[in-house]
Amino acid sequence: MSKYLFVVHSSITLRMARAIIRENGWKRDNCIFLSDRGFQTGENDVKVLDITPFFIRPIRWQERKKFRSICRTNKKLLLELYFLIQSEVADSFQLFIPHSRPYAYMAMIRHPNCTQYAFVEEGMLSYRTDFYNYVHSASFIKRIVLKGVINYCLGSGFQAFPESLLYQHLKYAGCYGINKSTFPTLPDENKHIVPPPFEHQEEYASIKHLLVAGPWIEKGYCSIAEYKQLKRALFKYWTSKGIDVLHVKFHPRQYHEQVSIALFMELAGEFADRIKVIELPPEASPEEIAFSSQADFYLAHSSSTIYASQFGCRVFSYAKTIWKYWPASRVYVDHLPPVITENMISLDLPIEDSTDQK
């Protein structure tokens, strides 16, 4: 019997997977969640496979001296991923993915047991009209070389610069979103709209202030020192506003790489006499917090903005601050889609030298 495989790497993709299963009346025994980016699903009645270890690296010209070792590692990971699918799934399957950029996702699309695939709303990327920030600056000749290298590593059919939403493919079967504005670059045909996949959670109703943290060190936006400067500025802002309780939801990548969480909690300790910080569990959903409360959200840029604003929550963004002080963030911040920028209240935080005291 055919299986239904869902890549689940965030609270929104987890809830979309549940909604699609309900909408189609599929038995959960026939469904498998593929956990990515270290995301903890918390599911007990659905089989869960962790595909986080199978990150097949893109090939970039500046790493040309490492081509041999990267190819060796990529080939090994591809074989291991195929072995996992063959041994744990075995049957034919339909695949549901947030986008098509990762080589691991493309490998699953190309797997002979995959009969079709569909895109699932994941947040910000699902509302983009362009994907400028993924365009590599390599010359035509370099692109040809990179394509040859990736084909040598993984086989024909893999692109050196994969499309974010590949729909011109024989196995493409549509997309799933929660409103008609989702996936504006994809054909309307086979675009399925499901009800908002959120539930009221009484334990979230009392949350008044929520930080949706981002993996900024992990993404290479900033150094450890710069991260501390920003977070110290945020704590000063919160205490100046009389906020004495702050809930924080860390990003799955922060849990996976374990770099910035400890730094944040160390800074929280400096302000413990004025503000209590409550860390929410990894499986907590910012979207369901918005659905269940009237919390103020604090973030740089996040798909949580889309859902928080829809449910009447205020969203305060420090994107302007990171743009000013972290040049690596600018190409992304400059091209945030309107569904994000039009629903944020901008904070311009003063950043002090790391030697300054609180």
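Computed from the coordinates by the stated procedures, all read-outs in this text should not be read as laboratory data. Just so it is clear, the model here is predicted, and its values are computed rather than measured. All Cβ positions, glycine included, derive from the backbone under ideal geometry; neighbour counts span all protein chains shown.
Among the lysines, select those whose C-alpha is under 28 Å from the C-alpha of residue 171, and discard any that sit fewer than 8 residues away in the same chain.
Partners within reach: 3, 27, 47, 75, 76, 147, 180, 191.
Among 93, 308, 168, which residue has its Cα positioned farthest towards the positive end of the charge dipole of the chain, with +1 placed on the Cβ of Lys and Arg, -1 on the Cβ of Asp and Glu, and the dipole taken about the Cα centre?
168
May I ask you to list the GluC sites (Glu not before Pro) in segment 285-358 that are in a DSSP loop and have at most 15 other Cβ atoms within 10 Å of their Cβ?
342, 352
First measure r as the distance between the Cβ atoms of residue 88 and residue 240, then evaluate 1/(1 + (r/R0)^6) with R0 = 56 Å and state the FRET efficiency to the nearest 0.05. Present the calculation step by step, with values, prior to reporting the outcome.
Values: r = 52 Å, r/R0 = 0.93.
Efficiency, from the Cβ-Cβ distance: 0.60.
Which loop trypsin sites (Lys or Arg not before Pro) in segment 1-96, with loop taken from DSSP, have no more than 11 other Cβ atoms within 10 angstrom of their Cβ?
Sites meeting the loop and neighbour criteria: 27.
Viscosity 1.306 mPa s, temperature 10 °C: what is the translational diffusion coefficient of segment 3-193 from Stokes-Einstein with a Kirkwood Rh over Cα pairs, rounded to a whole number of µm²/s?
91
In terms of the Cα gyration tensor, with a ≥ b ≥ c the square roots of its eigenvalues, is segment 136-292 rounded because a/c is under 1.5, prolate because a/b exceeds b/c, or oblate?
Oblate.
Computed from these coordinates, which is Cα Rg over 2.2 N^0.38 Å: (1) 1.03; (2) 1.10; (3) 0.94?
Computed from these coordinates, Cα Rg over 2.2 N^0.38 Å corresponds to label (1).
Order by neighbour count: 341, 305, 129, fewest other Cβ atoms within 10 Å first, most last.
129, 341, 305
Read phi for every residue in segment 235-249 and hand back ³J(HN,Hα) as whole Hz from Karplus 6.51 cos²θ - 1.76 cosθ + 1.60, θ = phi - 60°, with x for Gly and Pro.
4, 5, 5, 4, 5, 5, 8, x, 6, 10, 9, 10, 8, 10, 10
Run the quick spin-label model on residue 206 and residue 22: label points 7 Å from Cα toward the beta carbon, then report their separation in nm to one decimal.
2.6
Run the numbers for residue 262 and residue 224: contour at 0.36 nm per residue of separation, minus the present Cα-Cα distance, in nm.
Between residue 262 and residue 224, full extension yields an extra 12.6 nm.
Roughly how many debye, to the nearest 20, is the charge dipole of segment 3-193 about its Cα centre, given +1 on each Lys and Arg Cβ, -1 on each Asp and Glu Cβ, and no other charges? Please list the in-between numbers first.
Details: 26 positive and 16 negative charges, 192 e Å.
Once rounded to the nearest 20, the dipole reads 920 debye.
Counting only C-alpha contacts under 8 Å and six or more residues apart, can you give the relative contact order of the chain as a whole percent?
16
Which of 108, 265 has the fewest other C-beta atoms within 10 Å, and how do the rest follow up to the most?
Working: 108 24, 265 13.
Arranged by neighbour count, lowest to highest, 108, 265 become 265, 108.
Per residue of segment 110-120, what does 6.51 cos²θ - 1.76 cosθ + 1.60 with θ = phi - 60° give for ³J(HN,Hα)? Whole Hz please, x for Gly and Pro, Karplus curve as stated.
7, 4, x, 7, 7, 8, 6, 9, 9, 8, 10
Starting from 0.36 nm per residue, how many nanometres of slack lie between residue 62 and residue 310 once their C-alpha separation is accounted for?
Details: separation 248, 0.36 × 248 = 89.28 nm, distance 4.21 nm.
Between residue 62 and residue 310, full extension yields 85.1 nm more.
Stretched out fully, how many nm does the piece from residue 45 to residue 190 gain, at 0.36 nm a residue minus the Cα gap?
49.3 nm
Once every DSSP H run of n ≥ 4 in the chain is given -39500 (n - 2.57) and the sum is divided by its residues, what mean residue ellipticity at 222 nm do you get, rounded to the nearest 500 deg cm²/dmol?
Calculated mean residue ellipticity at 222 nm is -10000 deg cm²/dmol.
Taking other Cβ within 10 Å of each residue's Cβ, how do 315, 248, 7 sort, fewest first?
Fewest to most other Cβ atoms nearby, the residues stand as 248, 315, 7.
In degrees, nearest 10, range 0 to 90: what is the angle between the Cα axis of helix 67-88 and the longest Cα principal axis of the chain?
Once rounded, the angle reads 80 degrees.
If Rh is defined by the Kirkwood formula over all Cα pairs and Rg also comes from Cα, what ratio Rg/Rh do you get for segment 202-346?
So for segment 202-346, dividing Rg by the Kirkwood Rh gives 0.93.
Taking H as built 1.01 Å from N, whose amide H comes closer than 5 Å to the amide H of residue 4, not counting residues under 5 places away?
Those lying under 5 Å, H to H, from residue 4 are 31, 32, 94.
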